[in-house]
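Bear in mind these aren't lab numbers, they're just calculated from the coordinates by the rules spelled out. The model shown is predicted, which means the values in this text are computed figures rather than measured ones. Cβ placement follows ideal geometry from the backbone for every residue including glycine, while neighbour counts extend to all protein chains displayed.
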């Protein structure tokens, strides 16, 4: 079923750290001009036959409070960006009674893409998992957001499609400065060379779990063993933490000069896969037009509505 959302507030999210307040204000002023141009493109896209996007928000491990706002926001954004959103409101279900029985090859065939903001080893049969992965491999679009990287640790093919698995969260409510590694992709072309943002970011497993090193490459929150490691050789990185511009104080696991990708894309068979670690905060879905442009650009690319 399709969920309609109220209009989004116009004001962007404010960067809380005083150290970055002036620089962020100037940066946002420049970026909003580009984001405004992107919105004009969205309106033109909405006049064409919309693509169809299925958005799943089933939570088997931890129910983020941003799941509901995310459903409302993406549904609203799609009306002006050339895609129609179907949601199953999975976030309203209890973790012990998640129902994904509707997922099948025939059901997915009516969509052009699937977006997931899910977590846990979802109650999908092997046939359902194959249907999801084959849907993208055969030409569908895939969009993973934030906690999607904590999904289906028991299915390495899903990790290959998404690009990696969550290992550790980085401190919330911290000002991160992201390095924009690709300024031409629809998900990042509005950002310039860097993007200061307050959100929860992730670290990802770098290799498969091994029995002789049981404490390495394990999801530190829930103990899931990571079946495949993230590799830049498989994906094109869009955003990574700029350790030279980010205050690293109190950031466990982040060191100066380290490599910490946060958003990437890849071709997956005949389909396309886009992932961003952002989206933990509730308010970022309703009052940050730059985040909106980032996610919308990724969705449009995955659906084949834009090249990049």
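If you rank 157, 96 by fewest surrounding Cβ atoms within 10 Å, what's the result?
On the way: 157 17, 96 7.
Ranking 157, 96 by Cβ neighbours within 10 Å, fewest first, gives 96, 157.
First check a/c for the stretch 131-249, with a ≥ b ≥ c the square roots of the eigenvalues of its C-alpha gyration tensor; if it is under 1.5, answer rounded, and if not, answer prolate when a/b is larger than b/c or oblate otherwise.
Values: a/c = 2.13, a/b = 1.21, b/c = 1.76.
Oblate shape, in that a/c is at least 1.5 and b/c is the bigger or equal ratio.
Say R0 is 41 Å: what FRET efficiency, to the nearest 0.05, do residue 206 and residue 99 get from their beta-carbon distance? Walk me through the numbers on the way to the answer.
Working: r = 34 Å, r/R0 = 0.84.
After rounding, the FRET efficiency stands at 0.75.
Could you work out how much longer the chain between residue 255 and residue 267 gets when fully extended? Use 0.36 nm per residue separation minus the Cα distance between them, nm to one decimal. Don't skip to the answer; put the middle values down first.
Working: separation 12, 0.36 × 12 = 4.32 nm, distance 3.03 nm.
Taking residue 255 through residue 267 to full extension adds about 1.3 nm, to one decimal.
Please compute the length gained on full extension between residue 307 and residue 225, using 0.36 nm multiplied by the number of residues separating them and subtracting their Cα-Cα distance. Before the final figure, lay out the partial values.
On the way: separation 82, 0.36 × 82 = 29.52 nm, distance 3.52 nm.
Between residue 307 and residue 225, full extension yields an extra 26.0 nm.
Using a 10 Å cut-off around each Cβ, can you sort 268, 274 from fewest to most neighbouring Cβ atoms? It would help to have the intermediate numbers written out before the result.
On the way: 268 24, 274 31.
Fewest to most other Cβ atoms nearby, the residues stand as 268, 274.
Going by how many other beta carbons lie within 10 Å of each one, how would you line up 63, 245, fewest first? Kindly include the intermediate steps, with their values, before the conclusion.
Details: 63 19, 245 15.
Final ranking by Cβ density, sparse to dense: 245, 63.
Label-point separation (nm) for residue 92 and residue 109, each offset 7 Å from Cα along Cα-to-Cβ?
2.9 nm
Indicate, rounded to the nearest 5 percent, the antiparallel portion of the DSSP beta bridges found entirely in the stretch 102-235. Before the final figure, lay out each step's value.
Working: 11 of 17 bridges.
Bridges in the stretch 102-235 are about 65 percent antiparallel.
Grab the beta carbon distance between residue 247 and residue 84, set R0 = 30 Å, and tell me the FRET efficiency rounded to 0.05. Intermediate results must be reported in sequence, preceding the final value.
Values: r = 41 Å, r/R0 = 1.38.
With R0 = 30 Å, the Cβ-Cβ based efficiency is 0.15.
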